[in-house]
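*Asks:* Quick one: the structure is below, and I'll ask about it shortly.
The values are calculated or read from the model by the stated rules, or taken from the named source; none is laboratory data. Quantities reported herein were computed from a predicted structural model and do not represent experimental measurements. Here Cβ is always computed from backbone atoms with ideal geometry, including for glycine, and neighbour counts include all displayed protein chains. Areas reflect the complete protein model, heavy atoms only, side chains present, ligands, DNA and RNA absent. Shrake-Rupley method; radii C 1.70, N 1.55, O 1.52, S 1.80 Å.
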Amino acid sequence: MSKAILVLNAGSSSIKFTVFNYHDGELHVCYNGQIEGIGTRPHFKVKDGDERVVYETGWENPLLGKGHAYALEQLATWLDPHLPEAGLIGVGHRVVHGGPKYSAPIVIDGTVLHDLESFVSLAPLHQPANLAGIDATMDFLPGIPNVACFDTAFHRSHSLVADRYGLPTEFYTEGVRRYGFHGLSYEYIARALKRIDPSIAQGKVVVAHLGNGSSMCALSGGRSVDSTMGFTALDGLPMGTRCGQIDPGVLLYLMREKRMGAEQIEGLLYKRSGLLGISGISMDMRNLESSLDPRAAEAIDYYVFRIVRETGALAAAMGGLDGLVFTAGIGENSSLIRELICRGSAWLGLAFDPEANAGHGPRISTPGSKVAAWVIPTDEERMIALHTLSALREV
Ligand code: AMP
């Protein structure tokens, strides 16, 4: 018998969703879509399982599309006649923060909801949007169970030294820890790697999730042992608009000398830094790669430098390196960035195959390379659907 799962990823300015049908032990995409530009100029687009656009609309007047509640209402109205007759058995939600408590997906009840609200202070820009998505589905799909799937959960396997900061222990106890993010993506890659390259999957692997948000994860035997992101999704690599690793002394300087308050600093670090801040041109890697402006090259150089540096650091955290995997928008599509990173990692024993890389691999290292390099597309929505099925004991 077939069953349907709705996956919802409610972010700060966009809501993404996928409807899966589950039959014969396989998940099939029925629809996937998104409402982007919430609060500015919302645009709603839905594709079917064959990637054909089946619905598209926008709202010219930004006031009309204000806020998540309105966007979620539009989504519910569209979904109502489109959910498969087979019957919806659950909704899987991407939730950015599971705090120190949640190391696995969980069916949401009153206690869980209360816990998730208490983690808002840990992810003030993202957690409220996730909670709004949960609230909305409880309203428009009453009686259907909701499952929270956390971006932090996969990293709860970190050792104490990887999990803490050099602050007095009371801060660690109250939750100031190196949580790490993009966990659903890394978990999907760890599973895919078992199928694609089983011997490497058992070894020491660095996964580079390179998209608008970028981070890297050290996987040892398929378990996360370290990550470049920390307490928030600001740390580690530079990203589209986020700064990545920064000396905390810079923040003290901004406060003292520039008289900047928390909100101004937050805006600078989250929205005006990274590739956009360095280039002054764009947060989008495609624009930077096609630009002749030397500032675009500078932003690319910085991005690559930090990734190569972190590859070495994560290899050190594991005591060696057997594989390097590229995923997400830049990792899956930019042969230039992959080439620069692989060449910078030659000292680790990675012998790069330029032809394979130009064709997007999937294997982009030579057959004799000590370190295997792969391009593997990520699928966080599928990971959430799988988690939802198992949390509901449907598989
Ligand atoms: P994501 O957040 O995973 O959707 O990734 C978005 C990033 O991927 C943006 O910086 C895009 O410019 C980048 N990207 C997508 N396609 C390409 C491509 N063909 N070449 C270079 N960068 C790309």
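*Asks:* I need every pair where a residue in the range 253-264 that is open to solvent by 100 Å² or more (accessible area, probe 1.4 Å) has its Cβ under 7 Å from the Cβ of a residue that is in a helix (DSSP H, G or I), sequence separation at least 6 or different chains.
*Replies:* Close Cβ pairs satisfying both conditions: none exist.
*Asks:* Just give me the residues in the range 289-301 being away from the ligand (no atom under 13 Å from the Cβ), out of contact with any Gly (no Cβ under 9 Å at 6 or more places or on another chain) and either within 19 Å of residue 211 (Cβ to Cβ) or in a helix (DSSP H, G or I) (or both), in sequence order. I'd like the intermediate steps shown before the answer.
*Replies:* Taking the range 289-301 first, the residues away from the ligand (no atom under 13 Å from the Cβ) are 292-295, 297-298, 301.
Checking which are out of contact with any Gly (no Cβ under 9 Å at 6 or more places or on another chain) leaves us with 292, 294, 297-298, 301.
294, 297, 298, 301 - these are the residues of the range 289-301 that are away from the ligand (no atom under 13 Å from the Cβ), out of contact with any Gly (no Cβ under 9 Å at 6 or more places or on another chain) and either within 19 Å of residue 211 (Cβ to Cβ) or in a helix (DSSP H, G or I) (or both).
Per-residue answers, yes or no, for (1) of a type in the set (A, V, I, L, M); (2) surrounded by 16 or more Cβ atoms within 10 Å (Cβ to Cβ); (3) within 30 Å of residue 178 (Cα to Cα):
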{"residue": "68", "(1), (2), (3)": "no, yes, yes"}
{"residue": "77", "(1), (2), (3)": "no, no, no"}
{"residue": "81", "(1), (2), (3)": "no, no, no"}
{"residue": "89", "(1), (2), (3)": "yes, yes, no"}
{"residue": "99", "(1), (2), (3)": "no, yes, yes"}
{"residue": "117", "(1), (2), (3)": "no, no, yes"}
{"residue": "122", "(1), (2), (3)": "yes, yes, yes"}
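*Asks:* Which members of the range 135-173 meet the condition of being of a type in the set (Gly, Ala, Ser) and either more than 30 Å from residue 87 (Cβ to Cβ) or surrounded by 15 or more Cβ atoms within 10 Å (Cβ to Cβ) (or both)?
*Replies:* Matches in the range 135-173: 136, 148, 153, 157, 159, 162, 166.
*Asks:* Of all the residues that make up the range 330-343, how many are of a type outside the set (Ser, Thr, Tyr) and open to solvent by 30 Å² or more (accessible area, probe 1.4 Å)?
*Replies:* Adding up the residues that qualify gives 6.
*Asks:* Residues in the range 268-288 that are more than 20 Å from the chain's Cα centre (by Cα), among the small types (Gly, Ala, Ser) and not in a loop (DSSP other than H, G, I, E, B): how many?
*Replies:* So the answer is 2.
*Asks:* Let me ask something else. Of (1) touching a helix residue (DSSP H, G or I) at 6+ places or on another chain (Cβ under 6 Å); (2) crowded, with 22+ Cβ neighbours inside 10 Å; (3) touching a residue at least 40 places away in the same chain (Cβ under 8 Å), residue 381 satisfies all except one. Which?
*Replies:* Single failed check for residue 381: (1).
*Asks:* Cβ-Cβ distance below 9 Å, separation of 6 or more or different chains: which pairs start in the range 326-341 with a residue that is farther than 14 Å from residue 363 by Cα and near the ligand (Cβ under 8 Å from one of its atoms) and end on one that is polar (S, T, N, Q) and open to solvent by 20 Å² or more (accessible area, probe 1.4 Å)?
*Replies:* These pairs meet every condition: 328/212; 328/378; 329/212; 330/212.
*Asks:* Residue 356 - would you say it is at pLDDT 95 or above, more than 14 Å from the ligand (Cβ to nearest atom), open to solvent by less than 20 Å² (accessible area, probe 1.4 Å) and not in a loop (DSSP other than H, G, I, E, B)?
*Replies:* no
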